[in-house]
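Heads up: the structure comes next, in structure tokens.
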Amino acid sequence: MLAAIVIGLFSVGCGSTVEGVPERASGQEGLFNPCTDIPDSVIEGVGLDPATESIDIFGVEQPGWKICAWDGSWYGLSILSTRYTTDDIRKNPDYVDIVDIEIDGRTAIEYRKVSDVVGEGCYVVFSADQGSVWVRVQSTGLEPQEMPSCDMARALADGLVSYLPI
């Protein structure tokens with residue numbers, strides 16, 4: 001009898017059709033969306049081609065995140081929107097070289113991942129009511145790195161900061 005109940009539980013829903021509109025990944029509600037909330041003219045203004053835009057990670061939504069990325073000459077720019085705070089970043093042992101910086105009058109933190117021993121990537125993170133917005137620069141390795149990734153991240157953040165949520 002127990003086997004029949006277990007088999008019945010596993011067979012519920014098999015072969016049924018799900019109708020309706022797909023739901024967004026959990027935790028994305030109310031997050032700033034860099035793909036739609038930053039105009040293409042701003043992306044062009046910081047030297048990137050809006051046509052290189054990619055959404056999420058290989059088009060797959062990530063629970064708790066809104067992610068948009070563009071290709072530069074030697075680097076990629078990603079803007080990540082999340083409920084995580086800068087305090088969460090400071091507590092994460094995977095992040096090192098955390099420094100407080102100011103960009104266009106707005107406080108931010110800059111850091112890199114502990115696994116990035118050669119300095120190919122850098123994050124500049126702004127606090128926001130929703131949590132935080134991250135500006136990430138990562139060298140592609142396909143072209144010579146023209147400047148330190150943190151210098152590029154700060155420069156891009158400076159051109160984007162007025163379009164990021166407070």
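The values are calculated or read from the model by the stated rules, or taken from the named source; none is laboratory data. Quantities reported herein were computed from a predicted structural model and do not represent experimental measurements. All Cβ positions, even for glycine, are placed from backbone atoms using ideal geometry, and neighbour counts span all protein chains on display. The protein model used for the area step is the full one, side chains on, heavy atoms only, and it has no ligands, DNA or RNA in it. Shrake-Rupley method; radii C 1.70, N 1.55, O 1.52, S 1.80 Å.
Here's how it looks for D116: its modeled amide H is under 5 Å from none belonging to a residue 5 or more places away or on a different chain. Over all other residues within a Cβ to Cβ distance under 15 Å of I38, the charged ones net out to -4, with Lys and Arg as +1 and Asp and Glu as -1. For the stretch 61-166, the per residue solvent-accessible surface stands at 48 Å², with DNA, RNA and ligands left out and a 1.4 Å probe.
Per-residue 3J(HN,Hα) values for the stretch 55-66, derived from phi via the Karplus relation 6.51 cos²θ - 1.76 cosθ + 1.60 with θ = phi - 60°, read 10, 6, 10, 6, x, 9, 4, 10, x, x, 9, 10 Hz in sequence order (x marks Gly and Pro). Ordering F32, I57, T82 by the projection of their Cα atoms onto the charge dipole of the stretch 20-92, which places +1 on the Cβ of Lys and Arg and -1 on the Cβ of Asp and Glu, puts T82 at the extreme positive end.
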